Amino acid sequence: MKLQSLNCPNCGSPLKTEGNMQVCESCGSSFKIDYDDSDVAYERLSKEDELAKQRFEHEKEMLETEYRLKEEARIKQQKYEKSEQRKKKAAGGIKALIVYILFFGFWIGIGFVVYKAIKGESVLNLDKLAESMTTTTETTVSPYLLVTPEDILADTEFLENAKASVLSEVHRGRDGESVTEYDIPVTEYNFTGDIEIYDCYLLTSEKENRLVFMVKFTYQSERDEDDVQVVYDSLYLKNITFGNTLATQDKLVCDYSVRSDRGEGATDWHWDGALDADQLYRSAVLGKTDFTSAKVNLPQEEAPVETVEETVEEYEDEED
């Protein structure tokens with residue numbers, strides 16, 4: 001760079017820099033700064049250095065995000081492994097208890113037989129044995145098999161209570177919940193609270209009945225209100241049967257405790273729900289091979305009908 005005098009050569013007053021010019025504040029003379037090749041090279045290197053710093057900051061941010069995601073996955077895996085270990089220990093304890101019960105039961109039975117033999121009494125009462133065998137051969141229908149989808153629809157009070165229990169459980173577990181997407185930029189999705197029961201199935205077996213509700217709800221992005229993620233879930237009530245008293249023998253009863261079961265392969269752990277409704281149906285309904293499934297065609301919510309009188313009243317209010 002060729003340096004020029006900082007004072008005006010005409011009047012000797014100080015020069016003021018304006019862009020690529022030096023201007024005299026007194027006489028108004030202006031002088032151009034003469035840049036050479038070294039100045040251009042310096043300017044280019046400065047820009048390259050700034051771009052390198054920006055790339056470094058971006059890569060640093062990406063690495064930090066990747067590390068955070070790996071840490072969250074590792075912690076979740078540790079929690080899962082600890083849960084599995086607790087389940088295995090509990091299963092082992094139950095097996096040991098069963099072995100102890102069978103062992104002591106066997107010796108108690110032997111002692112009973114010996115006691116009866118000492119008293120000269122027969123251990124087996126053949127008449128009672130024949131009677132019990134006759135009773136056993138008379139097959140009774142399980143009360144669970146008597147419940148049909150038509151019974152569910154006919155008992156409107158039970159159905160409304162069941163739906164209310166399911167919706168309450170979804171709200172209880174998700175109100176105020178948010179989900180973070182660690183993309184660039186990071187986006188928070190908030191639970192909207194708009195829940196829809198879009199399907200219902202009755203799963204029947206000799207040992208248990210389940211009424212399965214398929215629900216749909218959404219999460220909305222904080223950045224873009226049109227960015228909505230739809231999530232599906234499967235919740236059910238169990239042990240549904242007719243009441244065993246005179247007052248409840250024609251009514252369906254259960255404990256209204258809501259449980260969640262998405263089966264295998266339907267859960268997206270990030271959203272704690274399913275993103276594919278068809279896969280959820282296959283896992284939560286068709287995948288229950290111990291049950292017979294039947295769809296319950298829930299009645300559609302009817303929109304309120306506006307009467308002629310209401311229309312006239314609204315028109316008069318608008319004119320007033």
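The values are calculated or read from the model by the stated rules, or taken from the named source; none is laboratory data. This structure is a prediction, so every number in the text was calculated from the model and none was measured. No Cβ is skipped: glycine too gets one built from the backbone with ideal geometry, and neighbour counts run over all protein chains shown. All accessible areas refer to the heavy atoms of the entire protein, side chains included, with ligands and DNA or RNA removed. Shrake-Rupley method; radii C 1.70, N 1.55, O 1.52, S 1.80 Å.
Find how many whole Å separate the alpha carbon centroid of the stretch 37-88 from the alpha carbon centroid of the stretch 255-285. Here the answer is 34 Å between Cα centres. Listed by chain and number, the lysines whose alpha-carbon sits under 19 Å from that of Lys288, ignoring those within fewer than 8 places in the same chain, are Lys207, Lys238. Its Cα centre serving as origin, the stretch 140-199 has a Cβ charge dipole (Lys and Arg +1, Asp and Glu -1) of approximately 180 debye.
Computed from phi, the 3J(HN,Hα) profile of the stretch 195-200 under the Karplus parametrisation 6.51, -1.76, 1.60 (θ = phi - 60°) reads 10, 10, 8, 9, 7, 8 Hz, with x in place of Gly and Pro. What the pair-distance distribution of the stretch 173-255 shows, using all Cα-Cα distances binned every 5 Å from zero, is 3, 12, 16, 15, 12, 10, 9, 8, 6, 4, 2, 1, 0 percent.
Using θ = phi - 60° in the Karplus curve 6.51 cos²θ - 1.76 cosθ + 1.60, the 3J(HN,Hα) couplings for the stretch 15-26 round to 9, 10, 7, 10, x, 9, 10, 10, 10, 7, 6, 8 Hz; x is entered for Gly and Pro.
Annotation: peptides 189-195, 242-248, ranked by per-residue average of other Cβ atoms within 10 Å with the highest first, follow the order 189-195, 242-248.
Carbon-plus-sulfur accessible fraction, the stretch 52-122 (probe radius 1.4 Å, protein heavy atoms only): 66%. Residues whose amide H comes within less than 5 Å of that of Asp199, counting only those at least five positions distant or on another chain, are Met214 (H built at 1.01 Å from N in the peptide plane).
I need the peptides 280-291, 166-177 ranked by packing, meaning the mean over residues of other C-beta atoms within 10 angstrom, with the highest value on top. The partial results should precede the final answer.
Values: 280-291: 17.2, 166-177: 15.0.
My ranking of the peptides, most packed first, is 280-291, 166-177.
Between Gln85 and Tyr42, the distance separating the two model label sites (each 7 Å from Cα on the Cα→Cβ line) works out to 6.4 nm. A simple rule links phi to the HN-Hα coupling: the Karplus curve 6.51 cos²θ - 1.76 cosθ + 1.60 with θ = phi - 60°, which for the stretch 207-216 gives 9, 6, 10, 10, 10, 9, 10, 9, 10, 10 Hz, with x for Gly and Pro.
For Gly273, nonlocal amide neighbours, meaning residues 5 or more places apart or on other chains whose placed amide H falls under 5 Å from its own, are Asp268.
Can you send over the carbon and sulfur percentage of the accessible area for the stretch 152-235, probe radius 1.4 Å, protein chains only? Intermediate results must be reported in sequence, preceding the final value.
Values: 1550 of 4020 Å².
C and S atoms contribute 39 percent here.
Distance between the modelled labels on Phe31 and Asn297, one decimal in nanometres: 9.6 nm (7 Å Cα→Cβ projection).
In this structure the amide hydrogen of Cys8, modeled in the peptide plane, comes within under 5 Å of the amide hydrogens of Ser13, Leu15, none closer than 5 places in sequence on its chain.
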